[in-house]
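Worksheet: the structure to be examined is printed underneath.
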Amino acid sequence: MKLFIEYILDEIERIGIQNSLRVSLSSKKNEDNYIRGVMQFFDNHFDVHLVIVFSFPEEDPGLNYIFWVLNKEGNDKVVEKDGSEEKVMELVKSAAMKEIKINLSKGAEIRNLFKEIGLCLPPSVVI
């Protein structure tokens with residue numbers, strides 16, 4: 001059986017596919033079944049157009065998740081500085097074009113997440 005968040009990730013993948021993008025997911029679950037990870041939206045030439053980093057708040061996560069949306073330039077900044085003394089999540093937060101917080105019990109917040117991700121796709125990619 002899937003976790004509820006996994007259905008949300010499936011729907012995000014569908015947004016990419018509907019816009020002619022392939023989507024990769026790298027994630028891991030902790031002992032409490034919270035998931036954090038990265039989704040990359042790329043074309044058939046393997047050019048990355050959008051990256052979504054998602055996680056739960058470290059303290060008192062409840063049913064909350066945070067999604068950081070990075071465009072190509074933001075992702076390039078994070079990749080360029082990866083391995084430096086800066087913490088990766090600090091790089092992600094500063095390079096993100098959008099930070100979207102949701103509560104898994106609030107359908108309106110989840111629908112807004114999908115809408116915001118759709119709006120972040122570059123115009124050249126949207127069909």
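No lab work stands behind these numbers, since they all come straight from the coordinates. It should be emphasised that the depicted structure is a prediction, and the values quoted were computed from it without experimental measurement. When we count neighbours, we look across all protein chains shown, and the Cβ atoms used for this are built from the backbone with ideal geometry, even at glycine.
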* Starting from the Cα of Lys101, draw a straight line to each of the lysines and keep only those under 20 Å, dropping any in the same chain fewer than 8 residues away. => Lys28, Lys29, Lys93, Lys115
* Structure fact -> Rounded to one decimal in nm, the spacing of the 7 Å Cα→Cβ label points at Glu109 and Leu63 is 0.9 nm
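Over all directions, average the projected area of the Cα convex hull of the chain and note it in nm².
8.4 nm²
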* Let me know the charge dipole size of the stretch 4-120 about its Cα centre in debye, to the nearest 20, where only the beta-carbon of Lys, Arg (+1) and Asp, Glu (-1) is charged. => 340 debye
* Structure fact -> Here the gain from full extension of Asp10 to Arg22, 0.36 nm per residue of separation minus their alpha-carbon distance, amounts to 3.1 nm
* Asked: If the chain between Glu116 and Ser84 were fully stretched, how many nm would it gain, using 0.36 nm times the residue separation less the Cα-Cα distance?
  -> 8.5 nm
